[in-house]
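**Q** Below you'll find the structure I mean.
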Amino acid sequence: MCIRIASFFAFIAVALGCASVRANDWVHPGPAWEPEAPRKQVPLWPEGLAIARPPVKGPEGVWNEQKPGAPAPLVAIVNVSRPTMTIYPPKGKNSGATMVVFPGGGYRVLAIELEGTQICDAFTAKGMTCVVLKYRVPGSGPWWNDDCNCGKEPTAPMALQDAQRTMVLLRHQAKALQIDPQRIGVIGFSAGGHMVADISNHPRLSYKPVDDADKENPVPDFAIAMYPGHLWDQDEHGMKLHPRNKISTKAPPTFIVQAQNDPVDDVRNSVSYYLALTKAGVPVEMHLYAKGGHAFALRKTTDAIGGWPALLDTWLRGLGVLTD
């Protein structure tokens, strides 16, 4: 089985520390996810606006399971048809900078804690505003469809649309949110890493404007792709990007992290993206590690890969995103 076919289930297996997860396990989730009070979800799209609907098979809910030997339970949101953003204010002094987080999950589910709220905890501690995007799934990006047992492209670029809408809303509301509209970045994990590349290289909206917010620039000011997938053209067996992935010379400065022994997304996803950005003259910094696997996020480890947050902090300060 090739990496592309196995990627979603391998992601779940790694995150849970097991290899027995079946597609049916996602059919009967628990209640819908809500952030801890007093945080509230903010709808991305005006009430009543018709937006593309992903191929959900039930109501939105949370799948939560602790497997023996796993470091922590996997908390994943399934069946998202109404996307939202949840804004977490900075702790202590407000730096004015903002980080938008794209959780991973193979464009099937959203790893909302490991690659969402836990990431925001780290950035708000640095004085940054942090935003978790609950984007539409499944099928909002390139994904593996169980019905046909095949890889499929989305019927509409729903994940990109949700990401761009989040960006323009934040810039449009920057004064009220007390954030700098020119210091808004994105970080994404796995499929979310693909979203980072997508939004970085699409200077035009992927949807028809719906209000004044859509007059804002949808491209982030800086971008972090963590163990990204769906970038490398696996069929070419070289170092080329998949034809779906376009590169803009106006893409923001980018930071990439991945492990060589990633069993889900081949490290060539990162390398091919790095090479394409370099060719386009986009500032890019990449850190590859021998060990780390997939979905390591901020989990504690004695391996060298545990040092990536410190390297990112240095990079952000070099860009002037963080100044203290």
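**Q** With the structure loaded, tell me whether Ala70 is at pLDDT below 95, of a type outside the set (Asp, Glu) and either outside any loop (DSSP other than H, G, I, E, B) or surrounded by fewer than 21 Cβ atoms within 10 Å (Cβ to Cβ) (or both) or whether it fails that test.
**A** Yes: the conditions hold for Ala70.
**Q** Another question about this same structure. Report the residue count in the range 209-228 for those that are surrounded by fewer than 24 Cβ atoms within 10 Å (Cβ to Cβ), outside any strand (DSSP E or B) and touching a residue at least 12 places away in the same chain (Cβ under 8 Å).
**A** So the count comes out to 11.
**Q** Can you name the number of the only condition in (1) of a type outside the set (Val, Ile, Thr); (2) more than 29 Å from Lys215 (Cβ to Cβ); (3) in contact with a Pro (Cβ under 8 Å, 6 or more places away or on another chain); (4) assigned to a loop (DSSP other than H, G, I, E, B) that Gly151 fails?
**A** Of the numbered conditions (1) of a type outside the set (Val, Ile, Thr); (2) more than 29 Å from Lys215 (Cβ to Cβ); (3) in contact with a Pro (Cβ under 8 Å, 6 or more places away or on another chain); (4) assigned to a loop (DSSP other than H, G, I, E, B), the odd one out for Gly151 is (4).
**Q** Which count do you get for residues in the range 285-324 that are within 19 Å of the chain's Cα centre (by Cα) and of a type in the set (Asp, Glu)?
**A** Adding up the residues that qualify gives 2.
**Q** Of the residues Thr249, Thr301, which single one is at negative phi, out of contact with any Lys or Arg (no Cβ under 9 Å at 6 or more places or on another chain) and not hydrophobic (A, V, I, L, M, F, W, C)?
**A** One residue alone meets the criteria, Thr249.
**Q** Oh, and also: Can you find, within the range 154-195, the residue that is farthest from the chain's Cα centre (by Cα) among those that are of a type in the set (S, T, N, Q) and part of a loop (DSSP other than H, G, I, E, B)?
**A** Within the range 154-195, the match that is farthest from the chain's Cα centre (by Cα) is Gln178.
**Q** Could you tell me whether any residue of the range 245-268 is surrounded by fewer than 19 Cβ atoms within 10 Å (Cβ to Cβ), under 20 Å from Gln161 (Cα atoms) and either charged (D, E, K, R) or free of Cβ contacts under 8 Å to residues at least 24 places away in the same chain (or both)?
**A** The answer is yes; a qualifying residue exists.
**Q** Let me ask something else about it. Considering each of Gly151, Gly139, Gly106 in turn, give the residue that is surrounded by fewer than 24 Cβ atoms within 10 Å (Cβ to Cβ) and at positive phi.
**A** Gly139
**Q** Among all residue pairs at least 6 apart or on different chains, which show Cβ distances below 7 Å where the first residue, located in the range 171-184, is touching a residue at least 40 places away in the same chain (Cβ under 8 Å) and the second is among the acidic types (Asp, Glu)?
**A** So the pair list comes out as Arg171/Glu216; His172/Asp212; His172/Glu216; Arg183/Asp221; Ile184/Asp221.
**Q** Does Leu160 satisfy the criteria of being within 19 Å of Gly229 (Cα to Cα), of a type outside the set (Asp, Glu), modelled with pLDDT of 95 or more and surrounded by 24 or more Cβ atoms within 10 Å (Cβ to Cβ)?
**A** no
**Q** Looking at this structure, is Ser206 surrounded by 24 or more Cβ atoms within 10 Å (Cβ to Cβ) and either more than 30 Å from Arg317 (Cβ to Cβ) or at pLDDT 95 or above (or both)?
**A** Judged against the criteria, Ser206 is not a match.
**Q** So which of Asp146, Asp198, Asp214 is modelled with pLDDT of 95 or more, charged (D, E, K, R) and more than 16 Å from the chain's Cα centre (by Cα)?
**A** Step by step, each of Asp146, Asp198, Asp214 is checked, and only Asp214 is modelled with pLDDT of 95 or more, charged (D, E, K, R) and more than 16 Å from the chain's Cα centre (by Cα).
**Q** Let me ask you something else. Pairs please, first residue from the range 82-104 and hydrophobic (A, V, I, L, M, F, W, C), second anywhere and modelled with pLDDT under 95 and surrounded by fewer than 21 Cβ atoms within 10 Å (Cβ to Cβ), Cβ atoms under 6 Å, 6+ apart in sequence or on different chains.
**A** Here the result reads none, with nothing in the range 82-104 linked to a residue that is modelled with pLDDT under 95 and surrounded by fewer than 21 Cβ atoms within 10 Å (Cβ to Cβ).
**Q** Continuing with this model, one more query. For residues in the range 31-43 being hydrophobic (A, V, I, L, M, F, W, C) and closer than 16 Å to Cys130 by Cα, which is surrounded by the most Cβ atoms within 10 Å (Cβ to Cβ)? Working first, answer last.
**A** Initial filter on the range 31-43 (hydrophobic (A, V, I, L, M, F, W, C)): 32-33, 37, 42.
When the remaining residues are screened for being closer than 16 Å to Cys130 by Cα, the result is 37, 42.
Numbers: Ala37: 6, Val42: 14.
The residue in question is Val42.
The values are calculated or read from the model by the stated rules, or taken from the named source; none is laboratory data. These numbers come from a predicted model, not from an experiment. Note that we place each Cβ from the backbone using ideal geometry, even for glycine, and neighbour counts take in every protein chain shown.
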